[in-house]
Amino acid sequence: MGELIAVEAVDGITVVRIQRPPANALEPGLLAAGADVVAELRAERPSAVVITGSGDFFSGGMDLKLAPTLSPEEQRGMVAGFNRLFWEWYGFPGPVVAAVNGHAVAGGMILALCADHRVGSRAGAYGLTEVRVGAPYPVAALVVVRAELAPGPTRRLVLGGELVDAGAALDLGLLDELTDPADVLDRALAVARGLAALPAATYETVKAQLRGPDLDAIRAGVEDDPLARGWLGDETETAARAALE
């Protein structure tokens, strides 16, 4: 786990850092490690958590070099891994702040959407590019997107599949605030400390009230996610190669 995800305490806040260079792309090992970290944190009950990336990326989403090579069984495992990761983070009972230190794309952007507050870098590019790379959304991913974004931005981002700059990401609701790249983590820690100062039991209850219906929808949908019967199609390899180029 330590090779892919680092966990440390910074001024009383737990910082979870994704570190799979160069793009912190999501693959089976990282998905499993990420979900395991959340399970451990649920037991430890930190006052607040900050999720961040390393280098120029928060996360570039699914590993596009790996995806076209996956067998049907491995594809099912990836779908299950995405569903578990997003469900775990979106349902985390305590405060979660995303320090979006750089580019956040596709599944990486959805991971950031799972947070309670999102601090973004002015130097990043952001978007939900799944349609562009031939990868339909797992159930949990689309539930989070619909819950966190207004209908118009959801339509534009999901169906258009375009990357947008930081200003547009703020306007569309992908991010809650922007700062310079060097200040993203410090600002996220400040937000986390503010949330940690709120009455903890009440925060947990109110968060469960707010997100409970969406978590129920994820739980119900994951049991029969259509993508478990087939996720990536014939066009995925071509689309993924074009995106990488």
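Where the centre of each part is set by its Cα atoms, how far does region 186-223 sit from region 36-98, in angstrom?
Comparing the Cα centres of region 186-223 and region 36-98, I get a distance of 16 Å.
Please give the peptides 68-77, 94-103 ranked by average Cβ packing (other Cβ atoms within 10 Å per residue), highest first, as a rough proxy for protection.
Peptide ranking by packing, descending: 94-103, 68-77.
Once the other residues with Cβ under 13 Å from the Cβ of R17 are scored (Lys, Arg +1; Asp, Glu -1), what is the net sum?
Once positives and negatives cancel, what remains is -1.
Order these peptides, 39-46, 19-26, by their mean beta-carbon neighbour count within 10 angstrom, highest first.
Per-residue Cβ counts within 10 Å, averaged per peptide and sorted highest first, yield 19-26, 39-46.
Project the alpha carbons of region 53-100 onto their principal axes and report the range along each, largest first, in whole Å.
Taking the Cα atoms of region 53-100, the three principal extents are 37, 27, 8 Å.
Could you point to the residue in S47, L66, A123 farthest towards the positive end of the chain's charge dipole, with +1 and -1 charges on the Cβ of Lys/Arg and Asp/Glu respectively?
S47
Roughly what angle does helix 151-160 make with the longest principal axis of the chain, taking Cα atoms, 0 to 90 degrees, to the nearest 10?
For 151-160 against the chain, the angle is about 40 degrees.
Taking the 0 to 90 degree range and rounding to the nearest ten, how far is the long axis of helix 28-44 tilted relative to the main principal axis of the chain, both from C-alpha atoms?
Tilt relative to the chain: about 20 degrees.
Place a +1 charge on the Cβ of each Lys and Arg in the chain and a -1 charge on the Cβ of each Asp and Glu, then give the dipole magnitude about the Cα centre in debye, rounded to the nearest 20.
340 debye
Give me the angle, in degrees from 0 to 90, between the Cα long axis of helix 139-148 and the longest principal axis of the Cα atoms of the chain, rounded to the nearest 10.
Approximately 50 degrees, to the nearest ten.
Report the one residue of G29, T14, G77 whose Cα lies farthest in the direction of the positive end of the charge dipole of the chain (charges on C-beta: Lys and Arg +1, Asp and Glu -1; origin at the Cα centre).
T14
Note down the magnitude of the dipole of region 20-143 about its Cα centre, charges +1 on Lys and Arg C-beta and -1 on Asp and Glu C-beta and zero elsewhere, to the nearest 20 debye.
Approximately 260 debye in magnitude.
What does the charge add up to near V119, with Lys and Arg as +1, Asp and Glu as -1, over the other residues with Cβ less than 12 Å from its Cβ?
My count for the surroundings of V119 gives -3.
Can you tell me what the convex hull of the Cα atoms of region 40-127 projects to on average, as an area in nm²?
Averaged projected hull area, Cα only: 6.4 nm².
What value in Å³ per residue do you get for the convex hull of the alpha-carbon atoms in region 17-90?
Hull volume normalised by residue count: 83 Å³.
Just the Kirkwood number for region 17-58, please: inverse of mean 1/r across all distinct Cα pairs, in Å, one decimal.
11.2 Å
If the chain were replaced by its equivalent ellipsoid, with semi-axes equal to the square roots of 5 times the Cα gyration tensor eigenvalues, what would those be, largest first, whole Å?
26, 20, 18
Bear in mind that the values in this text are calculations on the coordinates, not laboratory data. What you see is a predicted model, and the numbers here were worked out from it, not measured in a lab. All Cβ positions, glycine included, derive from the backbone under ideal geometry; neighbour counts span all protein chains shown.
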